[in-house]
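Student: First the structure, which I've put down as structure tokens, then a few questions once you've had a look.
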Amino acid sequence: MDELYNPKEPLIKILRQIIHFAVRLLAILMTIVIIWGVLDVGWVLYKKLMAPPFMILSISDILATFGAFMAVLIAIEIFINITIYLRDDVIHVKIVMATALMAIARKVIILDFKVVEPSYMFATAAVVFATSIGYWLVVKHVDTRAISRSDVDQCFENPDECSIEETKRKI
């Protein structure tokens with residue numbers, strides 16, 4: 001297990017550095033996407049408000065705006081996932097599940113119920129239900145899934161001084 005976190009193999013060290021560089025690049029690109037998304041939401045909202053009838057939005061315009069807002073919020077959640085991965089070198093299931101819930105909520109918000117077939121709505125409801133149950137299970141058992149890399153490293157360095165109970169108390 002120690003080999004995974006502190007590899008002695010030079011090739012593995014180089015590959016880990018490449019992966020960390022790629023993750024940093026993803027964080028930069030996601031920041032650009034977020035800024036672009038915010039500017040796009042502002043521009044679309046401005047165009048809709050300036051078009052006749054002046055300063056009035058239709059229901060479909062409001063729903064489209066909500067969808068665009070949610071897309072930016074999902075991008076922010078993905079950015080948070082990336083930065084947490086950079087910090088802890090661990091993928092936090094709770095945050096990933098929350099991002100998935102937000103993405104499916106966005107889909108539900110922008111659904112056009114006049115066009116969508118009932119089977120699609122039932123399938124979407126099943127995905128919402130399954131993702132919600134998964135998120136609830138992760139939140140309920142968060143103490144067993146959020147041990148950081150630094151805590152694991154400390155346990156490997158001093159196994160006599162490390163216990164699972166101490167690690168859980170830190171969380």
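The values are calculated or read from the model by the stated rules, or taken from the named source; none is laboratory data. Predicted model only: the values in this text are computed from it and were never measured. All Cβ positions, glycine included, derive from the backbone under ideal geometry; neighbour counts span all protein chains shown. For accessibility, only protein heavy atoms count, side chains too; no ligands or nucleic acids. Shrake-Rupley method; radii C 1.70, N 1.55, O 1.52, S 1.80 Å.
Student: Go over the candidates 133, 91 one by one and state the one that is within 22 Å of the chain's Cα centre (by Cα), of a type in the set (Val, Ile, Thr) and not in a helix (DSSP H, G or I).
Tutor: 91
Student: Take residue 88 and tell me if it is among the acidic types (Asp, Glu), in contact (Cβ under 8 Å) with a residue 24 or more places away in the chain and more than 22 Å from residue 105 (Cα to Cα).
Tutor: yes
Student: Sticking with this one: At pLDDT 85 or above and open to solvent by 60 Å² or more (accessible area, probe 1.4 Å), is that true of residue 156?
Tutor: no
Student: A further question follows. Pick from 108, 115: which is part of a helix (DSSP H, G or I) and more than 21 Å from residue 33 (Cα to Cα)?
Tutor: The unique qualifying residue is 108.
Student: If you don't mind, another one. Can you find, within segment 15-48, the residue that is least open to solvent (accessible area, probe 1.4 Å) among those that are under 25 Å from the mean Cα position of the chain (by Cα) and among the aromatic types (Phe, Trp, Tyr)?
Tutor: 21
Student: Let me ask something else about it. Which residue, of 71, 51, is surrounded by 14 or more Cβ atoms within 10 Å (Cβ to Cβ) and either touching a residue at least 12 places away in the same chain (Cβ under 8 Å) or not acidic (Asp, Glu) (or both)?
Tutor: 71
Student: Which residues, taken from segment 37-74, are closer than 21 Å to residue 103 by Cβ and of a type in the set (D, E, K, R)?
Tutor: Across segment 37-74, the qualifying residue is only 40.
Student: Report yes if some residue within segment 95-111 is among the charged types (D, E, K, R) and modelled with pLDDT under 85; otherwise report no.
Tutor: no
Student: While we're on this one: Failed condition for residue 128, given (1) modelled with pLDDT under 90; (2) of a type outside the set (S, T, N, Q); (3) closer than 25 Å to residue 77 by Cα; (4) surrounded by 11 or more Cβ atoms within 10 Å (Cβ to Cβ), with all others met?
Tutor: Here residue 128 clears every test but (1).
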